[in-house]
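J.: Mind having a look at this structure? Questions to follow.
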Ligand code: NAD
Ligand code: ADE
């Protein structure tokens, strides 16, 4: 299976619209564009087969084109059954990318597409959330044994990979792209902050000013969402389990309380924890009539949809992306995007400018893995610091921003214990 099939997308006739979307993204991804030009000249990925499981968006298309410009043969599947932009997938298929993705995949189709990528026997694997890494280690170990190296895009995927490493099962070196400063400080915080609000507004068109928005988790994603919701006039409440993060939220000026209390006062609930059952039956039962529920964490486990299904006597789709649940107590709760990533399902994911940095780290990490083939251990590595600061430097340059440079005297001062 897989190698004989070239692609599987929803509708190839959407390709012209997809090409325009990709062109739009490319214009806003100057760092990746510089890397693409260098890759085109140097061909550092010549003969390299890359298997990628990523959200199939216009920004991912620019990454895939960059890898292909470097000489790679790319096999691509979606990292979420609902996040694929079908026009973009069609355009990629027309460009000769082996893309197996469409919006609305069933669970079986989703894992079938991941298996197609695995069957291509990739030398390098790129993942967002860890489903490809997990599939290779669980079901296709013979393929995993031959992988040169991999990367991981998001917090949840890195957590899963560290568990594999801890148990001594990791079969290839992995670079945790998520942990680059030029990734999580911008993508997780500003990217998710903006695109989560964007998704909620596109789905509901509610006024955020004056609403009580409850954000679960004050990590990089949660603080971005809290900051942007406040910027739109919402009263923001934060829930946390980590005392330090909770204290940060308090000192950033947010109200902090347990979900059991927040459930009673929230108008909009947004989960951003990477954890399961953060909002569950006991909370749904306390909520106000009309409360809106959205998730920004990687998997659809943060809001317990199964509890909601059990408590509901009726459900219906009232708008695209919005499911109304009528509980036995008569209250109506509105779940967005079936509890999946609201920013990618109800909107377009992060803006291209921020994916520019995340995917520049991806492209340079792939090049690094190829250059260092056979020299790395079966461990989870951070993105090399030189790559991280190069991405920041290029991004600043693309924005026309100059910064100061240390004088020799300052360098000596900063490296000495004497005054
Ligand atoms: P993080 O580790 O920085 O933050 C998670 C926070 O949630 C931590 O502070 C943790 O203490 C808290 N938490 C855990 N369990 C909790 C609970 N039961 N109640 C309240 N708080 C709890 O992680 P992050 O980088 O902010 O990522 C969060 C999630 O978002 C992950 O699943 C990640 O993969 C995902 N993510 C999504 C997008 C997107 O496009 N939607 C982008 C980046 C990351
Ligand atoms: N994750 C969040 N936003 C994204 C986007 N626009 N493209 C790919 N992955 C993403």
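J.: Answer with yes or no whether residue 378 is away from ligand 1 (no atom under 16 Å from the Cβ), under 30 Å from residue 277 (Cβ atoms) and surrounded by 12 or more Cβ atoms within 10 Å (Cβ to Cβ). Before you say what the answer is, go through the steps one by one.
T.: On the way: away from ligand 1 (no atom under 16 Å from the Cβ): yes; under 30 Å from residue 277 (Cβ atoms): no; surrounded by 12 or more Cβ atoms within 10 Å (Cβ to Cβ): yes.
No: the conditions fail for residue 378.
For every residue, the table says whether it meets (1) buried (at least 20 other Cβ atoms within 10 Å of the Cβ); (2) closer than 17 Å to residue 288 by Cα; (3) within 15 Å of ligand 2 (Cβ to nearest atom).
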{"site": "305", "(1), (2), (3)": "no, no, no"}
{"site": "308", "(1), (2), (3)": "yes, yes, no"}
{"site": "320", "(1), (2), (3)": "no, no, no"}
{"site": "324", "(1), (2), (3)": "no, yes, no"}
{"site": "333", "(1), (2), (3)": "yes, yes, no"}
{"site": "342", "(1), (2), (3)": "yes, no, yes"}
{"site": "347", "(1), (2), (3)": "yes, no, yes"}
{"site": "351", "(1), (2), (3)": "no, no, yes"}
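J.: Confirm whether residue 178 is closer than 21 Å to residue 372 by Cα and either buried (at least 23 other Cβ atoms within 10 Å of the Cβ) or within 16 Å of ligand 1 (Cβ to nearest atom) (or both). Can you show your working first?
T.: On the way: closer than 21 Å to residue 372 by Cα: yes; either buried (at least 23 other Cβ atoms within 10 Å of the Cβ) or within 16 Å of ligand 1 (Cβ to nearest atom) (or both): yes.
Yes, satisfied.
Quick grid of which residues meet (1) more than 8 Å from ligand 1 (Cβ to nearest atom); (2) part of a helix (DSSP H, G or I); (3) within 19 Å of the chain's Cα centre (by Cα); (4) surrounded by fewer than 18 Cβ atoms within 10 Å (Cβ to Cβ):
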| site | (1), (2), (3), (4) |
| --- | --- |
| 213 | yes, no, no, no |
| 226 | yes, yes, yes, no |
| 230 | yes, yes, no, yes |
| 236 | yes, no, no, no |
| 247 | yes, yes, no, yes |
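J.: Would a scan of the stretch 87-108 turn up a residue that is assigned to a helix (DSSP H, G or I), under 30 Å from residue 377 (Cα atoms), within 16 Å of ligand 2 (Cβ to nearest atom) and touching a residue at least 60 places away in the same chain (Cβ under 8 Å)?
T.: There is no residue in the stretch 87-108 that is assigned to a helix (DSSP H, G or I), under 30 Å from residue 377 (Cα atoms), within 16 Å of ligand 2 (Cβ to nearest atom) and touching a residue at least 60 places away in the same chain (Cβ under 8 Å).
J.: Restricting to the stretch 145-163, name every residue that is surrounded by fewer than 22 Cβ atoms within 10 Å (Cβ to Cβ) and more than 27 Å from residue 186 (Cβ to Cβ).
T.: Passing the criteria: 145, 146, 148.
J.: Taking the conditions exactly as written (more than 26 Å from residue 155 (Cα to Cα) and more than 8 Å from ligand 1 (Cβ to nearest atom)), does residue 284 satisfy them or not?
T.: When the stated conditions are applied, residue 284 passes them.
J.: Consider residue 276 against the criteria (1) out of contact with any helix residue (DSSP H, G or I) (no Cβ under 9 Å at 6 or more places or on another chain); (2) closer than 24 Å to residue 80 by Cβ; (3) in a helix (DSSP H, G or I): it satisfies all of them except one. Which criterion is unmet?
T.: (3)
J.: In this structure, is residue 191 within 25 Å of residue 380 (Cα to Cα), in contact with a strand residue (DSSP E or B) (Cβ under 7 Å, 6 or more places away or on another chain) and either outside any helix (DSSP H, G or I) or modelled with pLDDT of 95 or more (or both)?
T.: Working: within 25 Å of residue 380 (Cα to Cα): yes; in contact with a strand residue (DSSP E or B) (Cβ under 7 Å, 6 or more places away or on another chain): no; either outside any helix (DSSP H, G or I) or modelled with pLDDT of 95 or more (or both): yes.
Considered against the rule, which asks whether it is within 25 Å of residue 380 (Cα to Cα), in contact with a strand residue (DSSP E or B) (Cβ under 7 Å, 6 or more places away or on another chain) and either outside any helix (DSSP H, G or I) or modelled with pLDDT of 95 or more (or both), residue 191 comes out as no.
J.: Now, a different point. For residue 252, indicate whether it is touching a helix residue (DSSP H, G or I) at 6+ places or on another chain (Cβ under 7 Å), more than 10 Å from ligand 1 (Cβ to nearest atom) and modelled with pLDDT of 95 or more.
T.: no
J.: Does any residue of the stretch 112-134 turn out to be surrounded by fewer than 24 Cβ atoms within 10 Å (Cβ to Cβ), within 20 Å of residue 178 (Cα to Cα) and more than 16 Å from ligand 2 (Cβ to nearest atom)?
T.: Among the residues of the stretch 112-134, at least one is surrounded by fewer than 24 Cβ atoms within 10 Å (Cβ to Cβ), within 20 Å of residue 178 (Cα to Cα) and more than 16 Å from ligand 2 (Cβ to nearest atom), which makes the answer yes.
J.: What number of residues in the stretch 45-59 are more than 16 Å from ligand 2 (Cβ to nearest atom) and closer than 18 Å to residue 175 by Cα?
T.: 4
J.: Which numbered condition trips up residue 365, out of (1) under 30 Å from residue 162 (Cα atoms); (2) within 16 Å of ligand 1 (Cβ to nearest atom); (3) touching a residue at least 60 places away in the same chain (Cβ under 8 Å); (4) crowded, with 18+ Cβ neighbours inside 10 Å?
T.: (2)
J.: Within 16 Å of ligand 1 (Cβ to nearest atom), at pLDDT 95 or above and touching a strand residue (DSSP E or B) at 6+ places or on another chain (Cβ under 8 Å) - does that describe any residue in the stretch 66-79?
T.: yes
J.: Output the residues belonging to the stretch 34-48 that are under 24 Å from residue 15 (Cα atoms) and either touching a strand residue (DSSP E or B) at 6+ places or on another chain (Cβ under 8 Å) or surrounded by 19 or more Cβ atoms within 10 Å (Cβ to Cβ) (or both).
T.: Within the stretch 34-48, just 36 meets the criteria.
J.: While we're here: For residue 277, all conditions in the list (1) within 9 Å of ligand 1 (Cβ to nearest atom); (2) at positive phi; (3) over 22 Å from the mean Cα position of the chain (by Cα) hold save one; what is the number of the exception?
T.: (3)
J.: Any chance the stretch 62-81 includes a residue that's touching a residue at least 40 places away in the same chain (Cβ under 8 Å), assigned to a helix (DSSP H, G or I), over 18 Å from residue 156 (Cα atoms) and within 16 Å of the chain's Cα centre (by Cα)?
T.: Taking every residue of the stretch 62-81 in turn, at least one turns out to be touching a residue at least 40 places away in the same chain (Cβ under 8 Å), assigned to a helix (DSSP H, G or I), over 18 Å from residue 156 (Cα atoms) and within 16 Å of the chain's Cα centre (by Cα).
The values are calculated or read from the model by the stated rules, or taken from the named source; none is laboratory data. This is a predicted model, so every value here is computed, not measured. Backbone-built Cβ (ideal geometry, glycine too); neighbour counts: all protein chains shown.
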